[in-house]
Structures are given as structure tokens and as C-alpha cells.
Amino acid sequence: MGAFEPRTARAEIAVAGARGVTAEVLSTQPRKEVIRNAVFAAILFLALALALAGLGLLIGKNVVDGHSRLNLDLITNNNSSDPLHAGLRNAIVGTLWIIAFVLLFLIPLGVGAAIFLEEYGSRGSRFTRMIDLNVQNLAGVPSIIYGLLGLEFVARAPLNLGYVVLAASLTLTLLVLPVVILASREAIRAVPDSIREGSMALGATKWQTIRRQVLPASIAGIATGVTLATSRAIGETAPLIPLGAATFLTFVPSGPGSEFTAMPVTIFNWVKQPQPEFQTLAAAGIVLLIALLVALNSFAIWLRNRYEQRW
Amino acid sequence: MEARDLAASSPIAALPRRLEAASPRYGEKVIFGLLAACAGLSVLTTTAIVISLIVPTVQFFGDVPIGDFLFGTDWGPTFTPPTFGVLPIVVGTLSVTFWALLFAIPIGLGSAIYLSEYASRRVRKTVKPILEILAGIPTVAFGFFALVFITPQLDKIWPDHFLGGPPLIFNVLAGGLAIGLMIVPVIASISDDAMSAVPSGLREGAYALGTTRAKVATRVVFPAAFSGIVASIILGLSRAIGETMVVLIAVGSTPNLTLSPVESVQAMTAFIGTTATGDIPTGSTIYKTIFAVALLLFGMTLLMNMLSVRLVRRFREVYE
């Protein structure tokens, strides 16, 4: 480039002209093609814009409808049959209890299964392949069917827990377990073998290698999976319905053995009420729930991008 | 035995015969067992799902002939006398799913092609995470949106009596569109991954031959990523079929056997959601009915998931 400097205005014009002529001569694209290309691009852009606008509209509509109830009362009042004084406090406490126990089960079970599949299961062995296929299929089972599983196996015999927080936690754990397993496997697989071999060569046992080398190296990916799974568990309503969640609870759940309610369940109950005040309240509740889930998902994606390690 | 004799007679007999651990490492074996149990839990869950669905279903077919269930056109298990023809709710599910896909496939694929082939790096890096974040909007919000926004808008723009209009308060189309909006991020995000995985050499080859961007996208990249794209659509389809909250809130609970988009129908998941509320007596026919419907639903989604898993595996084999 240096040889052409300094450029005079005349040189600029000459270069531009030469470029235009070259393009004209070399281009095999007829004008029709160029126009067709532009129209196609516009349609694609429109599709993306429509998708984003639709989702934006959903959020905006709820903000507009619910803004009058978006205040501190929403989180400090318990649910009530009086729409003017109803709030999400007991539902938030219920969700916190449920999620606390979900995490308690989810992390060891999900990460344990992922470690087994990646580190111990010989690739291509029948057991590994069966579990692999199983996990992928479980990820696609409709959530309401997990609710029925919870009803048959957890709330009633054989576990017979009743319609309590712990039953909800177990049901949701099973529902989101595939998310954690799949994400953790990806993260563990991304750790290069040289790290494992180095550790083993220094005399570490297999478990020491996993605990001291593989897990610390894959912790960001695992945390991303756990966060995404948590956000899914918080937002799910359907699997809780067969567990008796449809009842209108107004007291604060007090522990794992207490009857439960959760944020999306309470919002669903409000949506079903005929009074317009409840509809406003439902919109406000949805804004709060979306804000919470968007924050969690953003955190997960930030985590993934920030700590994504290239070996 | 021979090896040991040899070792005993050699000068290095005092050293350990093999490089092996000084202790039996029971801890390692316990950990192996625990981890295997964690992995086995997934199999246990599947087994539990299948058992919990099949046992009541088999009992159900003791009360109701299987032919009446699968081919009957009257659905009213809570009426007197009860009727158990499942077709109206299967058709209900399928027609909601149809409208959802009609919306989601063009929009989702259009977005994916734009992101993968047209968008600048910066746009793609901004929009893709936004789509992934929006995939976390709870389903109850989509149901509410269908009820309070989509249906009133449809009512406003609907030409009189067109396709049996105007739309009812609970209708198929609003629910279908809301579910469609819900699965757009799924289809867009996975299809975009599939198309981005197509090696750029293929694109550059086509450009070198003087092809336009539109042709590269539709004739080169799209076919190369086809199995991944189909897998994303199947995943969206299985989401739509299994979606409960939207149909429960916005599509209603009238088991009509109709293809009309403006009427209220009952989807399979909506039947389960309205009937399985925790206080129904175990062993009653209605209780068993829920599980029979759920087994049918499980079968439908399982079939599609298997197909999707197979397709994704194929597309991975090609480019990794």
C-alpha cells in the first residue's frame, strides 16, 4: 500500500474507476440475480426481526399491563383471594425451598452421571451407549409426564411423600437432570487427555485425577449447565400440577415436608381467575418471573463465554 | 506361574513384580460404584416413567376396549355416561402443533440462515445469546400472551366468517401461534449451529464459481446442514406436542373433533393438566384414563426424539 501514498484526488478517481470496470467485466452475476439476492436477504432479516419483535412484544405487553402492580407489595404480600392484596411472597419462599432441594440432588447426580459416562464408561460399550440414548430421550419427554411420574412414584406409593415440597423437588430434579448431564459431559470432554495423562504419570489415582484436574478444568461448563437447569426448574408449571399445585395456597411453605406452591403455579392460578385485577397481577408476576429467568440465563451464557477455555 | 518363577530366580526379585498400587484402593471402587449408580439413575427414571404409565394403562384397557379408545370420535371421560374415544384430543394436539410449526419453521429457519450466512460477526454474537436467553421465558407467560394479546388481535383482523370466524376466546390458532413463537428460538439456534458447522470450504468453492450469497445459502449450506435442520424441527415439534401450559390457558378444554383454527379444542396435555390435579382417586377409571392418554403422548414424542437423535448423530459424523 505504501507505494501508492500519498494519493491525489485524481489517483483516487482512477483507482475507483479501474475497480468498477474490473468488477463489471469479471462479474458473472446478472442484475436479476443481484436483486433476487437482496430480496432474499430482506426476507431473512424480516424473519429474524419478527421473531425478536414477537418475544419483545410478549415482555412489553406484560410490563405495560402489570406495571401498576410492580412494586414491593408484590414480593412482600402473601397470596390472597383479594386481588388487591395478593402477592407472591409465599410462592417465592416455596420456589426457594423447592430449588434448594433440586440443587441438592441435581448437582451430585448430574455431575456424577456425566463423570461416569465420560471418564469410566468405555466409549461404545453397551451400557454407556444405552445410558447415552436414554439421557437424550429423557430430555425430550413432555414435562407433564414427569408430573405424572411424580404423582405415581413420589407423592403416592412407593415413596409416598405426599404433595409436599420434597416431592416437587424430586420431580423437577428428574426433569432437568438431562440438561446438567449433557452440559457437564460436553465440559468434561473438552478437557484434553494430556492433562489426565500428566496427572496419572505423577502417580495420581483415577479419582484424584478427576477431582483435582478434570473437574476444576470443566467447572465453568458444569456451572453453566446447572444454572440453565435451575432456570428451567423455576419456570416449569406443568409437572407440578399433578402434584396438587393447582390449589390456591395462601400460607408460607416452611420446609421440605410442607405443602408447596411456586411462582409459576401461583401466576397460573391468577391467570385463571375472572377478576381483571388478578389479570393485572398475573402480568406483574410474569414480569418478575421473566426478569429472574432472564437474569439466570444471562449469567449462564456470560459464564460460558467468559470461561470458555481453548486448549 | 512361570512368570513368577522366573522373577524369583532373577536378581531383581526384591522389587515388586508389576507396577501396581500399594493398597487395594477400595475408595476408588466405591467411587466407581457411586458414579455408575448416578448414571444408572437415568435408566431407572425411564423405567419408572414407562412402568408408571403402562400399569394403569393396562388396567384401563380392562375397562375400555382398546379399539374404542384409539378410534372413537367421542371424548368425554368425565361425562355420564363416559365416552373414551381419544381422536378428538389427538386431533386437537395435532392442529395446535400444525399452526405452531407453520409459524415457527419459516421464521426459525429464516432467522437461522440470516444469522449463519448474512449477519456480521458482531450481529451474530449479539443476537444468538439473546435468542438463547429468550428461550428461558416460562411457558405460562406464552399462554397468558396468547389469551390476552394474540386472541384479541386475531379477533380484530379476522375477516367475518372466514374459516368459521370470528375466533372464540379460547381458540386453536392463538395457542398455536404462541407455541410457535416459543419454539422459534429452539429451531433458529439449533439450525444455526448446524449451518455454521458446514465447512467454509464448501461456501468458498461456490463463491469462486461466481454464485450469489442466496444460492450459496439455499443450494450449498442448507442441503449440507439438512439433517441438523430437520432435527431442530423435530425437536420443536416434540416441544409443541408436549406443551401443556399454553393449551391449558389459551386453547381451552372442549373436546371438539374439528380442524377449525378459530374454535376451542382440548389437547392431550390439556386433558391431563385439567384432570390430574392431585385429588383424583387412585384406581378410578378416570385416573387410569389420564395415564392411557399420557402413554400415547409419550409414545409420540419418543418416536420423534429417536428420529432426531439419529439425524443429529449423522450430521455430527459428517463434519467433526
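Starting from 0.36 nm per residue, how many nanometres of slack lie between B:Phe79 and B:Thr258 once their C-alpha separation is accounted for?
Difference between extended and current length: 62.5 nm.
Can you sort B:Ile190, B:Ile150 from fewest to most other Cβ atoms within 10 Å of each residue's own Cβ?
Sorted ascending by nearby Cβ count, the order is B:Ile190, B:Ile150.
Work out how much length A:Thr205 to A:Ser81 would gain on full extension: take 0.36 nm times their residue separation and subtract the Cα-Cα distance, in nm to one decimal.
38.6 nm
Once a ≥ b ≥ c are taken as the square roots of the eigenvalues of the Cα gyration tensor of the protein assembly as shown, is the result rounded (a/c under 1.5), prolate (a/b larger than b/c) or oblate (a/b not larger than b/c)?
oblate
Give the average, rounded to an integer, of partner chain Cβ atoms located within 10 angstrom of each Cβ in A:50-63.
The shielding value for this peptide is 6.
Just need the relative contact order of chain A here, percent rounded to a whole number, with Cα pairs under 8 Å and 6+ apart.
Rounded, it is 25 percent for chain A.
Let me have the relative contact order for the range B:152-261, percent, based on Cα pairs under 8 Å that are six or more residues apart.
43 percent
According to the square roots a ≥ b ≥ c of the eigenvalues of the Cα gyration tensor, what is the shape class of chain A, taking rounded for a/c under 1.5, prolate for a/b larger than b/c otherwise, and oblate for the remainder?
Oblate is the answer for chain A, as a/c is 1.5 or above yet b/c matches or exceeds a/b.
If I require 27 Å or longer along the helix axis, counting alpha carbons, and a Kyte-Doolittle average no lower than 0.0, what helices from chain A are left? Use full DSSP H segments.
A:31-66, A:89-115, A:165-189, A:215-235, A:276-307
Give me the net charge for the shell around A:Val102: Cβ to Cβ below 15 angstrom, other residues only, Lys and Arg +1, Asp and Glu -1.
Its environment carries a net charge of 0.
Report the trypsin sites (Lys or Arg not before Pro) located in the range A:80-173 that are in a DSSP loop and have at most 14 other Cβ atoms inside 10 Å of their Cβ, or state none.
Sparse-neighbourhood loop trypsin sites (Lys or Arg not before Pro): A:Arg123.
Can you compute the equivalent ellipsoid semi-axes for the range A:134-207, i.e. the square root of 5 times each eigenvalue of the Cα gyration tensor, sorted largest first and rounded to whole Å?
So the three semi-axes of the range A:134-207 are 37, 15, 8 Å.
Take peptide A:260-268, look around each residue's Cβ out to 10 angstrom, count Cβ atoms belonging to other protein chains, and average those counts.
3
Using a 10 angstrom cutoff on alpha carbons, build the Gaussian network for chain B and name the most mobile of B:Met306, B:Met268, B:Met195.
Among B:Met306, B:Met268, B:Met195, the largest mean-square fluctuation in the Gaussian network model of chain B belongs to B:Met306.
Tell me the relative contact order for the range B:44-99 as a rounded percent, counting alpha carbon contacts under 8 Å between residues six or more apart.
Across the range B:44-99, relative contact order equals 22 percent.
Tell me, what ³J(HN,Hα) does each residue in the range B:211-220 have, in order and in whole Hz, if you take phi through Karplus 6.51 cos²θ - 1.76 cosθ + 1.60 with θ = phi - 60° and put x for Gly and Pro?
For the range B:211-220, the Karplus-derived couplings read 7, 7, 4, 4, 5, 4, 5, 7, 9, 10 Hz, x marking Gly and Pro.
Taking trypsin sites (Lys or Arg not before Pro) that fall in a DSSP loop and have at most 12 other Cβ atoms within 10 Å as cut points, what is the longest piece of chain B between them?
B:19-320
What does the structure give for B:104-117 when I average, per residue, the other chain Cβ atoms found within 10 Å of the residue Cβ?
4
Can you compute the helix-only [θ] at 222 nm over the protein assembly as shown? Use -39500 (n - 2.57) per DSSP H run of at least 4 residues, normalise by all residues, nearest 500 deg cm²/dmol.
-21500 deg cm²/dmol
Quick note: the coordinates plus some simple rules give every number you see, no bench work behind them. None of these values were measured; they are calculated from a predicted model. Neighbour counts are summed over all protein chains in view; Cβ atoms, including those assigned to glycine, are modelled from backbone coordinates with ideal geometry.
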